[in-house]
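Written out below as structure tokens is the structure these notes cover.
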Amino acid sequence: MKVIGIVGSPREHSNSAYFVEVALKKLQEHGIETELISLRGKRIHPCTGCYGCVTAKECTLEKDDFDEVFNKMLKADGIIVGSPVYNSSTPADLKALLDRAGFLSRWINNEMKDKAESYDWKGTAFSGKVAAPITVARRAGQNFAFAELLLWFTVNDFIVIGSHYWNVGVAGKGGAVDADKDLEGIGIMEHMADNMAHVIKQLKK
Ligand SMILES: Cc1cc2nc3c(=O)[nH]c(=O)nc-3n(C[C@H](O)[C@H](O)[C@H](O)COP(=O)(O)O)c2cc1C
């Protein structure tokens, strides 16, 4: 059983990483292996909409750090995506990863059909995996970024894990890295991790 936490903040020390680490630590307490994957310093080009993955069953863009992260996503039982809120949305690098991973994941097991033909979906590469979003903002825009991640999980056939509140953390102004002061946020992430561990264990029975 393994859960990866993808951190979409480009900063070396970040609130997103803090909250993802809180969740991963809790998962470890449940006996689940974890790995934090920071996108900081990674080069992930945006999807060009070439549709190359439909037939190649891999991303045909010029090689960058996408394959490394995508392969870890494929091997994980659970994926947590921690994202800063940038203008009510996710940062560009994280969006690039999600666009490419989501589209490729559909075509690994499926063939593109003509309009008139119905799909016989054989699942995405993420089918049956559990997932949870975490967003961090100073003040506003959480809902949009959080919904963006939820929509990505649900269109890609993940089982989404909730908590007793949305998994959102708050940060101070001026780029403060002070997630450790958000005790309510920490509790929300820990409870989400408890739920995730429970569901993974049930699915693995
Ligand atoms: C480019 C940029 C855009 C931001 N947009 C928002 C925003 O829309 N709403 C908000 O509350 N905070 C916004 N912030 C503040 C960040 O969400 C906040 O500093 C958060 O802690 C960053 O996450 P990180 O610590 O994981 O990097 C923005 C920060 C940057 C650098």
Taking the conditions exactly as written (of a type outside the set (D, E, K, R), away from the ligand (no atom under 16 Å from the Cβ) and surrounded by fewer than 21 Cβ atoms within 10 Å (Cβ to Cβ)), does I79 satisfy them or not?
no
Which residues, taken from the range 137-183, are surrounded by 17 or more Cβ atoms within 10 Å (Cβ to Cβ), within 12 Å of the ligand (Cβ to nearest atom) and polar (S, T, N, Q)?
Q142
For a quick check of your reading of the model, give me the residue pairs whose first member lies in the range 187-202 and is in a helix (DSSP H, G or I), whose second is among the acidic types (D, E), with beta-carbon atoms closer than 7 Å and at least 6 apart or on different chains.
I200/D77
Kindly indicate which of Y119, Y165 is under 18 Å from G82 (Cβ atoms) and assigned to a loop (DSSP other than H, G, I, E, B).
Y165
First in the range 146-158 and on the phi > 0 side of the Ramachandran plot, second anywhere and aromatic (F, W, Y), Cβ under 7 Å, 6 or more apart
D157/F126
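Residue-wise test of (1) of a type in the set (D, E, K, R); (2) buried (at least 18 other Cβ atoms within 10 Å of the Cβ).
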position: G49; (1), (2): no, no
position: N71; (1), (2): no, no
position: P91; (1), (2): no, yes
position: D99; (1), (2): yes, no
position: V130; (1), (2): no, yes
Every listed condition ((1) hydrophobic (A, V, I, L, M, F, W, C); (2) part of a helix (DSSP H, G or I); (3) crowded, with 22+ Cβ neighbours inside 10 Å) holds for F126 save (2)
Breaking point among (1) touching a Leu at 6+ places or on another chain (Cβ under 8 Å); (2) crowded, with 17+ Cβ neighbours inside 10 Å, for F103
(1)
Six or more apart or on different chains, Cβ atoms under 7 Å: show the pairs whose first residue is in the range 40-56 and under 13 Å from W107 (Cβ atoms) and whose second is of a type in the set (A, V, I, L, M, F, W, C) and assigned to a loop (DSSP other than H, G, I, E, B).
C53/C59; V54/M112
Matching residues in the range 159-178 (farther than 30 Å from T124 by Cβ and touching a Ser or Thr at 6+ places or on another chain (Cβ under 8 Å)) number 1
I'd like to verify a number: residues in the range 1-38 that are more than 16 Å from the ligand (Cβ to nearest atom) and buried (at least 24 other Cβ atoms within 10 Å of the Cβ), how many?
2
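Every number here is computed from the coordinates shown, using simple stated rules; none is lab data. Nothing here was measured: the structure is a model prediction, and the numbers come from that model. Please note: Cβ atoms are built from the backbone with ideal geometry, for glycine as well, and neighbour counts cover all protein chains shown.
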